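Data block below; observations after.
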Amino acid sequence: MANLMEATTNQQFEDFLTKAGKCLTVVHFQAAWAPQCGQMNEVMAELAKEHADTTFVKLEAEAVPEVSEKYDIASVPTFLFFKGGEKVDRLDGANAPELTKKVQRLAVTGSPGGAAESTTTDLNQRLKKLINAAPCMLFMKGSSQEPRCGFSRQIVGLLKEHSIQFSSFDILSDEEVRQGLKTYSNWPTYPQLYVNGELVGGLDIVKELAESGELENTCPKAVTLEHRLKTIINQSPVMLFMKGNKDAAKCGFSRQTLEILNSTGVDYDTFDILQDEEVRQGLKTYSNWPTYPQLYVKGDLIGGLDILKELKESGDLVSVLKGES
């Protein structure tokens, strides 16, 4: 297949990106010893048939270490998406539905202007949803428990010092959000703090507010844990609390749950309980359900993996996810 190839050197990799120009290039960082990589290669082969203008590249992560290190490849399979030689998105883990969705969205064909405009609109809607996920929302590198840069560490320290209750989003986990939010907010750096959906600013602004005594007045009063849990549960009609995220489950039960949900075609959002100990412990009491994952539909608890398996076997899963029963 002309648009499905393998890069064995850094030069080959660079040549493929140059040749593709502004068209989409999908690079699969793989390992021969990982069976899930073989499965995802089969998915790539099918996608290559459907998207003739997209270049699909397989690359052995350990055989071309300079490329893997440059793009922080820590596990396989990992997929990077390029346009015009620049990385525009990333997918960690073996998630065939998500890979298909990203390729379909990024492989702009037909009317480039119209398709690009549609893609931008979808991204802006997603960013708006994330910004409003909590009254005080911090976009940072890492999590509030484990900041991954000095600026993020300092702003988290300031917010905690002033008893500001906030939620955070790790921009390192989502390249689309990381790049898109810079344009959306017209603010080129991270961290970024939002209050009630409005940009406050970065570290320097937060420092000034703290020094002037205005930080507590700028940020909303601390909300109760129950109110915060209700807000997160109702963030999406179908909300899954799990270990990890859509792209990379971090336990077997969460992985099985993702597979079941992905098979239905129903859209859903996830919350990584490993990133927020308060939510992780509080939701057990709130829902009177001691284990994870936990699935909610329109704010109501459906249950965990065993319940989903039963609903799938009975044929009721899709209607339950759509809130029809």
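Assorted remarks:
- First in the stretch 211-222 and within 12 Å of Phe166 (Cβ to Cβ) and part of a loop (DSSP other than H, G, I, E, B), second anywhere and modelled with pLDDT under 90 and open to solvent by 70 Å² or more (accessible area, probe 1.4 Å), Cβ under 8 Å, 6 or more apart: Pro220/Asn196; Ala222/Ser163
- Only a single criterion out of (1) in a helix (DSSP H, G or I); (2) farther than 20 Å from Ala96 by Cα; (3) of a type outside the set (A, V, I, L, M, F, W, C) is not satisfied by Tyr296, namely (1).
- The residue of the stretch 148-187 that is farthest from Ile232 (Cα to Cα), among those that are among the small types (Gly, Ala, Ser) and in a helix (DSSP H, G or I), is Gly150.
- Close pairs (6 angstrom Cβ cut-off, 6 or more residues apart or separate chains): part of a loop (DSSP other than H, G, I, E, B) in the stretch 57-85, among the aromatic types (Phe, Trp, Tyr) anywhere: Ala61/Phe29; Ile73/Phe29; Val76/Phe29
- Filtered by the rule that a residue be open to solvent by 60 Å² or more (accessible area, probe 1.4 Å) and closer than 25 Å to Lys322 by Cβ, the stretch 264-287 gives Gly265, Asp267, Tyr286.
- Residue tally, condition of a type in the set (Ser, Thr, Tyr) and either surrounded by fewer than 19 Cβ atoms within 10 Å (Cβ to Cβ) or in contact with an Asp or Glu (Cβ under 6 Å, 6 or more places away or on another chain) (or both), over the stretch 234-263: 2
- Yes/no for Thr54 being at pLDDT 90 or above, within 19 Å of Gly21 (Cβ to Cβ), surrounded by 19 or more Cβ atoms within 10 Å (Cβ to Cβ) and among the hydroxyl-bearing types (Ser, Thr, Tyr): yes
- Sub-6 Å Cβ pairs linking a first residue in the stretch 181-205 that is on the phi > 0 side of the Ramachandran plot to a second residue that is open to solvent by 60 Å² or more (accessible area, probe 1.4 Å), at least 6 apart or interchain, are Gly197/Asn132, ordered by first then second residue.
- Residues (outside any strand (DSSP E or B) and either farther than 14 Å from Val57 by Cα or open to solvent by less than 10 Å² (accessible area, probe 1.4 Å) (or both)) located in the stretch 18-30: Gly21, Lys22, Leu24
- Val266 meets all of the listed conditions (1) in a loop (DSSP other than H, G, I, E, B); (2) at pLDDT below 90 but one, namely (2).
- In the set (1) at pLDDT 85 or above; (2) open to solvent by less than 60 Å² (accessible area, probe 1.4 Å), the condition left unmet by Lys128 is number (2).
- Meets criteria (touching a helix residue (DSSP H, G or I) at 6+ places or on another chain (Cβ under 8 Å), touching a residue at least 40 places away in the same chain (Cβ under 8 Å) and surrounded by 18 or more Cβ atoms within 10 Å (Cβ to Cβ)) for Phe166: yes
- Cβ-Cβ under 7 Å pairs, at least 6 apart or on other chains, the stretch 293-319 side over 18 Å from Lys243 (Cα atoms), far side in a loop (DSSP other than H, G, I, E, B) and open to solvent by less than 70 Å² (accessible area, probe 1.4 Å): Val297/Gly323; Lys298/Gly323; Leu317/Thr264; Val318/Thr264; Val318/Val266
The values are calculated or read from the model by the stated rules, or taken from the named source; none is laboratory data. Since the structure is predicted, the reported quantities are computational estimates derived from the model, not experimental observations. We place every Cβ from the backbone using ideal geometry, glycine too, and count neighbours over all the protein chains shown. Only protein heavy atoms, including side chains, enter the accessible area calculation; ligands, DNA and RNA are left aside. Shrake-Rupley method; radii C 1.70, N 1.55, O 1.52, S 1.80 Å.
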